[in-house]
1. List the residues, sorted by chain then number, that are 5 or more residues from Thr107 or on another chain and whose placed amide H is less than 5 Å from its amide H.
2. Applying 1/(1 + (r/R0)^6) with R0 = 35 Å to the Cβ-Cβ distance of Ala152 and Ile173, what FRET efficiency is obtained, to the nearest 0.05?
3. By per-residue mean of other Cβ atoms within 10 Å, what is the highest-first order of 112-122, 57-67?
Amino acid sequence: MSNVRMKDRFHGLVTSARENLSVQQQVQRAVISTIHARNLEELLEVLSTDLAHWFDVDIVRLAMESDMAGTYETYYNEENYSGICFVPAGTANAVLLGESVRLIADTQGEPPIGFEMVFADCSNLVRSCALVRLDLPTINRPAILAFGVRHADRFHPHQGGELLAHLGEVMSIILDRCLVEGDFTA
């Protein structure tokens, strides 16, 4: 192997290690902020503001399943489409295909089932997304933590989703606690 080729491989390895460390730090910050949320309002603030900033994404959505999803009107302003939305029961399983994390490189080719509901009012802006399953035992329904970006190829199915799965586990515990404490379980 030539020196140039070895040098290129070395630089690629260093770049990959730096990117992995950056993602790890982003997830650690997100976990700490999530843990510090004292109620549902603070958790939604972390979701809609902090996570979007730290992960450098355009939109962060918390898609909650509800039998009443069709009756909820959700409004987002054009400056920030992040926040909570309500989707019909069964959406999480349909969107995630039984996985805990699903990474989609380009949503325009073939958007996943339920994509338009998760990214209501902004699905035309999202070209690449990461979808994370949240299990909520108190309400006995899953939810989806969704990250969307305007550019294709930000997320890829071959990328590891272990850190996002970990964030999903922590977010599930905190969100479930907030739902119980806010008496949103009925």
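1. Residues meeting the amide H criterion: Ser128.
2. Details: r = 33 Å, r/R0 = 0.94.
Efficiency computed from Cβ-Cβ geometry: 0.60.
3. Values: 112-122: 18.5, 57-67: 21.5.
Ranked from most to least packed, the peptides come out as 57-67, 112-122.
Only the coordinates and a few stated rules stand behind these numbers; no lab work does. These numbers come from a predicted model, not from an experiment. Ideal geometry is used to build each Cβ from the backbone, glycine not excepted, and the neighbour counts take in all protein chains shown.
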